[in-house]
1. Under 5 Å between amide H atoms, partner at least 5 residues away or on a different chain: which partners does MET261 have, H built in plane at 1.01 Å?
2. Round to the nearest 0.05 the FRET efficiency obtained for LEU31 and LEU52 when R0 = 22 Å and r is the Cβ-Cβ distance.
3. From Cα pairs below 8 angstrom and at least 6 apart in sequence, can you work out the relative contact order of the chain, rounded to a whole percent?
4. Net charge within 10 Å of ARG356 by Cβ-Cβ distance, Lys/Arg positive one each and Asp/Glu negative one each, not counting ARG356 itself?
5. Nearest 10 degrees, 0 to 90: what angle lies between the long axis of helix 328-338 and the longest principal axis of the chain (Cα atoms)?
6. If you work out P(r) over Cα pairs in 20 Å bins from 0, in percent from the coordinates, which of (1) 23, 47, 22, 8, 0; (2) 31, 60, 10, 0; (3) 20, 33, 24, 13, 6, 3, 0 do you get?
7. I'd like to know how segment 6-107 sits against the 2.2 N^0.38 Å rule of thumb: what's its Cα Rg over that expected value?
8. What is the dipole size for segment 6-107, taken about its Cα centre, with +1 at each Lys and Arg Cβ and -1 at each Asp and Glu Cβ, in debye to the nearest 20?
Amino acid sequence: MNRPSPLLLDGVAVAMALLDVWAHWDINEPLRMACGLGAALALLLRRRHPLLTFFLTLPSVLLSDAVFACLAALYTLASLGRPRTLLVVGALAFAFSDITALPSANLDLTRKSALIAFGYSAATAAAAVFLGQLVQTRRDLSLRLAEISEARDHQQLLTAQAALAKERAQLAREMHDVVSHQVSLIAVRAGALQVGTGDPDTKEAAATIRRLSVQTLDELRHMVGVLRASGGNPTDLTPQPALTDIQRLADNCGIETELRMALPEGLPPTVQRAVYRTVQEALTNTRKHAPGATARIDLFQTNGSVHVRVTNTAPTQPPLPLPGAHHGLIGLRQRAELLGGTMTSGPTGDGGYEVRVVLPAEAAG
């Protein structure tokens, strides 16, 4: 199901706000009507400048009865994951403005009617905040579910590849230990027959058998080498990620990212893949466990070693408690150790998190 375009939603919000102004239109109060119209048009800024939009729409609540624009701005603030303290202050500001009614303010919270009106206004603002928080949670949940589904599919692929690699390794052992041994015996016996017989036809037949046996052994050795080298990994036939793909990865990761890359060309493919996978896993963990954080990627080479450092700031929103296998960092450490490198990770002093990998620049490609 396709979602409506943001432009269409903004147009609907402005139209509803204008309808609210029209419902409370009073030609004798031009200042109040101007505030209402200004608030309705300010909704066009709500996606890029949500906090500014809320402040621009608040006077319409304070001076008139047109409140839809301010509620829409408050909803936008909540849906974009702003701090909860700010949302509480915004809801209280809406409630106080709604019952003040300038320029003839008559605010007396000691009266029962005023308390009831304040409670009603606060509940209305809270409804907008809760709806925005619900939309944000639904958006985050959809993203996390997509990531979990992707991780599950990747795990299934790895399992299938491991099973295929095991079968190929077993086949290679059988060919080496059984078939090659038997063909070697045939070659030896044919050679002995060729030397020991005096019949020319038998000698020629034995020579042919020996020659074919040697060729068969050479082909068997080649096949065993192919089976052992392939490891049953079908993805070796498809393009693998390299350093040139990291910029696109940073641009499309869904968080604000700063990339600083100073790596030379010509690094072994295994090192390039390890760098890419390290950055990918670190950015994925940032998006999962530190919502609202920004990330910095530093890639450089010094003293014959490739350094990868991905650091994220402290989260500005609480993460959703979703299940995870917690194997990502373990896999990075194992990959680094296989290439002769090291991997460390841990929290930073400002509440963020850092992943650091050091690899030898001349690791086997």
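Taken together, the values in this text are just the output of simple stated rules run on the coordinates, not laboratory data. As the structure is a prediction and not an experimental result, all values here were calculated from the model. Because the Cβ atoms are built from the backbone with ideal geometry, glycine has one as well, and the counts that use them run over all protein chains shown.
1. Answer set, sorted by chain and number: LEU299.
2. Values: r = 21 Å, r/R0 = 0.97.
With R0 = 22 Å, the Cβ-Cβ based efficiency is 0.55.
3. Working: 474 pairs, mean separation 36.6, N = 365.
Relative contact order here is 10 percent.
4. Numbers: positive: ARG309; negative: ASP298, GLU354.
Result for the local shell: -1.
5. Orientation of helix 328-338: about 30 degrees from the principal axis.
6. (3)
7. Numbers: Rg = 13.1 Å, N = 102, 2.2 N^0.38 = 12.8 Å.
Here the answer is 1.03, to two decimals.
8. Working: 6 positive and 6 negative charges, 103 e Å.
Dipole about the Cα centre, nearest 20: 500 debye.
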